[in-house]
Amino acid sequence: MRKTSYGVTAVFCAVVLILNILASTRTDWLVYKTPEIFHTKIIVRYGLRERCETKVISLPDSDTDRNYTEKSCRRFPLTKTDECQNGNERFCASWTSAGYAVELGIGFSAVSLVAIMFGVSTHSRRRRIWRAVAGLVALQAVFQLLAFGLVTDMYRTGRYPTFDQAKPGTAYVVNAISWIASVLIVIGVVTTGISADQGHRWAAGNRAYRQLPS
């Protein structure tokens, strides 16, 4: 493969890595908003490791409306608070597994960038490293898709109180974009790599790969 192809792949892999980190750290995979009661509205955001609750109190005033906001976060899920050992074991195990899956995806995403930097150093490595890059990105996509599937299942089946009234948040969308982009990267790398092995100049460059006559 051309150096240019690896360069483009590296850029997309870096973008995917950033998306994965954002999805992992944000606390808005699912968002639940209560109706406003007595000028008070509560917004609960669920992340893979944290649950954040924001209480917004509107105080009508003769001149202007004032809003007071109070925010608190805690680890999520917690063994006692979220009843992880008292009837809610399946939810806690699935939610925790989703968090681990995202972390593994981040790891494979980072390693794919290292593989690209290592592989472009020589012509012979560029001929072979695309397979490793495609495999690493594919593994990253699998783990991100696993996290997406676990969260989606818990959201659709209402495994946790308020999930049946929650909505997907930004982190959920970012994760979806991440694994979809990863699948497209794998398709692009495999297509370009196979074309380069077959000697197509657009993929292999001026030094197209040719088999030596037997």
Report summary line: Candidates V114, V44, V137; GNM for the chain (alpha-carbon contacts under 10 Å) flags as most fluctuating V114
Report summary line: Once normalised by the length of the stretch 22-81, the mean sequence separation of its alpha carbon contacts under 8 Å that are 6 or more apart gives a contact order in percent of 26 percent
Query raised in the report: Cα centroid distance between the stretch 74-98 and the stretch 11-38, in Å?
Result: 20 Å
Query raised in the report: How large is ³J(HN,Hα) for each residue in the stretch 88-95, as worked out from phi by the Karplus curve 6.51 cos²θ - 1.76 cosθ + 1.60 (θ = phi - 60°), to whole Hz, x for Gly and Pro?
Result: 10, 4, 5, 4, 4, 5, 5, 5
Query raised in the report: Cα axis of helix 170-197 to longest principal axis of the chain: angle in degrees, 0 to 90, nearest 10?
Result: 10 degrees
Requested in this report: Working from Cα positions, state the angle (0 to 90°, nearest 10) between the long axis of helix 3-25 and the longest principal axis of the chain.
Outcome: 20 degrees
Query raised in the report: For the Cα atoms of the chain, what angle does the longest principal axis make with the long axis of helix 123-157, in degrees from 0 to 90, nearest 10?
Result: 20 degrees
Query raised in the report: Relative contact order, percent, of the chain when contacts are C-alpha pairs under 8 Å separated by at least 6 residues?
Result: 25 percent
Query raised in the report: Given the options P168, P60, P35, which has the most mean-square fluctuation in a GNM of the chain, springs set between C-alpha atoms less than 10 angstrom apart?
Result: P60
Query - For Kirkwood radius over Cα pairs in Å, calculated from these coordinates, the label among (i) 18.1; (ii) 18.7; (iii) 19.7 - result: (iii)
**Report entry** Average silhouette area of the stretch 24-64, convex hull of alpha-carbon atoms, in square nanometres
**Finding:** 3.4 nm²
**Report entry** Close Lys-Lys pairs in the chain, where close means Cα under 27 Å and separation is 8 or more or interchain
**Finding:** 15
Report task. Select from G188, G169, G47 the residue whose mean-square fluctuation is largest in a Gaussian network model of the chain (Cα-Cα springs shorter than 10 Å). Result -> G188
Report summary line: If the chain between K33 and T170 were fully extended at 0.36 nm per residue, the gain over the current Cα-Cα distance would be 47.9 nm
Query - Neighbour-count order for Y6, Y46, Y155, Y100, fewest beta carbons within 10 angstrom listed first - result: Y100, Y155, Y6, Y46
Query raised in the report: Rounded, prolate or oblate: which fits the stretch 1-85, taking a ≥ b ≥ c as square roots of the Cα gyration tensor eigenvalues, rounded meaning a/c under 1.5, else prolate when a/b beats b/c?
Result: oblate
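Laboratory data are not the source of any read-out in this text; all were calculated from the coordinates shown. Computed from a prediction, not measured in an experiment: that's the story for all the values here. Counting neighbours? That spans all protein chains shown, and the Cβs are built from the backbone with ideal geometry, glycine included.
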